[in-house]
Amino acid sequence: MALQENGQGGNRKYKRMDSDILEGGEDVSNFDNHQLGKSNSTKKYVLSYAIFASLNSVLLGYGLGLYVGVMSGAIIFIQEDLHITEVQEEVLVGILSIISLLGSLAGGKTSDAIGRKWTMAFAAIVFQTGATIMALAPSFAILMVGRLLAGIGIGFGVMIAPVYIAEISPAVARGSLTSFPEIFINLGILLGYVSNYAFSGLPVHVNWRVMLGVGILPSVFIGFALFVIPESPRWLVMQNRIEEAKIVLLKTNDSEIEVEERLAEIKLAAGHANTDTYEEKAVWRELLNPSPGVRWMLITGCGIQCFQQITGIDATVYYSPTIFRDAGIKSNSQLLAATVAVGFTKTIFILVAIFLIDRVGRKPLLYVSTIGMTTCLFGLGLTLSLLGNGPVGVKLAILSVCGNVAFFSVGLGPVCWVLSSEIFPLRLRAQASALGAVGSRVSSGLIAMSFLSVSRAITVAGTFFVFAAISCLAVVFVSKCVPETKGKSLEQIEMMFQSQGGELELGDAELLVQKQ
């Protein structure tokens with residue numbers, strides 16, 4: 001399979017002589033205008049697909065924002081209406097992250113069986129069912145049934161969205177597009193905060209039900225989106241539906257030559273997936289007893305997912321009122337203002353990451369992110385231990401928390417999902433990504449549910465010194481285990497990992513592809 005080498009990776013440009021392409025004296029300017037129109041159309045298609053696929057992430061963010069929003073959110077009204085105990089309250093709040101890992105784990109097998117698109121549909125149906133049951137629940141037991149279903153639906157959706165976007169996107173824009181789910185999670189959290197306040201004035205037996213019922217709306221939009229978005233071309237090739245895959249690639253790539261090139265690479269990669277040995281047991285056997293290349297992929301993908309959570313971002317966001325109280329803020333209005341500032345900072349800086357991720361690369365953003373987080377977490381620990389309960393301490397605490405979430409959002413937050421969705425080979429991608437998502441959900445649940453207990457044991461300041469040490473380890477992990485994937489096709493990334501433990505450069509990967 002020959003490649004045209006006019007450029008590198010996803011930034012490759014195809015310069016063709018008029019005599020080779022244009023027949024019948026066609027004006028070159030007309031051809032250029034056609035290509036410009038094609039490029040604009042391609043961008044619109046891919047952008048719309050990424051947005052629709054990310055709607056599932058709104059569900060996760062909305063669920064989190066609703067229950068952990070400022071002033072306790074919907075849970076305070078549920079407690080009053082259904083008379084639940086404190087233990088039941090903790091279970092209701094904490095179960096989402098834990099139960100969603102079941103959905104994520106099952107999502108890999110499901111998406112390989114029925115496709116990426118219909119896995120998103122299944123996720124929306126399960127979530128809608130759970131949200132409806134919660135909104136109508138007459139007792140805690142029924143409420144928990146709905147919460148469990150909603151969590152499973154969220155787990156499916158959060159796992160499959162980055163995989164789908166990575167497989168549908170051209171290499172040159174894959175990083176920014178695969179960051180969309182992280183933006184939509186934060187959008188969902190903000191919507192949860194808004195919902196808490198918008199409906200809190202309704203009667204107590206109605207307000208929390210309306211808050212939960214509104215969460216159905218994003219999944220309704222997902223249902224409409226299914227009539228717009230196509231199936232992943234890589235999954236279609238795995239099913240030997242080559243012509244359908246080519247139609248999708250023609251919509252998401254600028255030139256027919258690039259389409260043929262991508263299709264040939266996908267078919268080569270899918271050849272391994274379509275052999276007789278490609279069965280569920282074979283996939284898990286390879287994941288549990290991996291080759292050196294796959295082992296490197298698993299270390300990178302699962303490791304970055306765990307570091308995203310064990311550096312304490314969820315504890316910083318969820319318990320920011322506790323942190324600010326410890327720093328010396330007493331009034332509820334000041335707590336509200338400081339917490340809202342944290343939420344907006346986290347969302348705004350994700351937009352910075354989307355702008356930079358395909359320009360400067362994944363690894364530089366991860367360096368800036370982890371080093372910045374280490375500095376802010378250590379500074380927060382010092383502030384709380386040395387300067388608490390004073391105006392200077394309050395200002396430094398707010399600055400440190402906002403700085404931590406800003407650095408997280410610039411790198412570790414969105415880049416984590418990008419890497420974990422693009423580094424695995426086609427035959428393993430869905431289920432390996434599911435493993436990474438499980439690691440993320442377990443880490444998130446453990447950190448969120450243990451923060452208060454650990455803080456009581458070693459103080460809030462001591463807890464953030466621990467987070468700073470873990471973040472410092474994340475810097476080392478990025479340096480040793482994370483390669484740069486900017487501008488490379490998914491198939492080139494696979495070859496990069498499988499050759500010399502991930503040290504193969506892009507030029508060598510292209511030569512290997514040519515030899516095939």
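Observations, loosely collected:
- From the list Leu335, Leu382, the lone residue that is of a type outside the set (Val, Ile, Thr), open to solvent by 60 Å² or more (accessible area, probe 1.4 Å), in a helix (DSSP H, G or I) and over 30 Å from Glu422 (Cβ atoms) is Leu382.
- Gly301 being over 24 Å from Val466 (Cβ atoms), of a type in the set (Gly, Ala, Ser) and surrounded by 19 or more Cβ atoms within 10 Å (Cβ to Cβ): yes
- Lys346 vs. criteria among the basic types (Lys, Arg), open to solvent by 10 Å² or more (accessible area, probe 1.4 Å), touching a helix residue (DSSP H, G or I) at 6+ places or on another chain (Cβ under 6 Å) and part of a helix (DSSP H, G or I): yes
- From the list Glu182, Glu231, Glu167, Glu244, the one residue that fits, being of a type in the set (D, E, K, R), over 30 Å from Lys346 (Cα atoms) and open to solvent by less than 60 Å² (accessible area, probe 1.4 Å), is Glu231.
- As a summary of the residue check, Val405 satisfies the conditions (1) part of a helix (DSSP H, G or I); (2) touching a His at 6+ places or on another chain (Cβ under 9 Å) except for the one numbered (2).
- Pairing each residue of the stretch 373-393 that is under 23 Å from Ser331 (Cα atoms) and modelled with pLDDT of 80 or more with any residue that is open to solvent by less than 70 Å² (accessible area, probe 1.4 Å) and charged (D, E, K, R), provided the two are 6+ apart or on different chains, yields C-beta distances under 6 Å for Leu384/Asp326.
- Residue match in the stretch 115-133 (condition: closer than 26 Å to Gln492 by Cα, open to solvent by less than 10 Å² (accessible area, probe 1.4 Å) and over 14 Å from the mean Cα position of the chain (by Cα)): yes
- The residues on offer are Ser443, Ser369, and the sole one that is buried (at least 24 other Cβ atoms within 10 Å of the Cβ) and either more than 29 Å from Glu265 (Cα to Cα) or not aliphatic (A, V, I, L, M) (or both) is Ser369.
- Just one of the numbered conditions (1) under 16 Å from the mean Cα position of the chain (by Cα); (2) closer than 28 Å to Asp81 by Cβ is not true of Ala150: (1).
- Subset tally (residues that are surrounded by 18 or more Cβ atoms within 10 Å (Cβ to Cβ) and modelled with pLDDT of 65 or more) for the stretch 268-285: 3
- Matching option when the condition is open to solvent by less than 10 Å² (accessible area, probe 1.4 Å), assigned to a helix (DSSP H, G or I) and at pLDDT 80 or above, among Val259, Val210, Val206: Val259
- At least 3 residues being of a type in the set (D, E, K, R) is the threshold, and among the helices (runs of 4 or more DSSP H) wholly inside the stretch 102-183 not one reaches it.
- Neighbours by Cβ (under 7 Å, 6+ apart or cross-chain): first from the stretch 444-464, outside the structural domain of Val158 (by the TED database); second open to solvent by 20 Å² or more (accessible area, probe 1.4 Å) and not in a helix (DSSP H, G or I): Phe451/Tyr319
- Among (1) part of a helix (DSSP H, G or I); (2) modelled with pLDDT of 85 or more; (3) not polar (S, T, N, Q), the one test that Ile354 misses: (2)
The values are calculated or read from the model by the stated rules, or taken from the named source; none is laboratory data. Only a predicted model underlies this, so the values are computations on that prediction, with no experimental measurement involved. Ideal geometry is used to build each Cβ from the backbone, glycine not excepted, and the neighbour counts take in all protein chains shown. Ligands, DNA and RNA are excluded from the accessible area calculation, which covers all protein heavy atoms including side chains. Shrake-Rupley method; radii C 1.70, N 1.55, O 1.52, S 1.80 Å.
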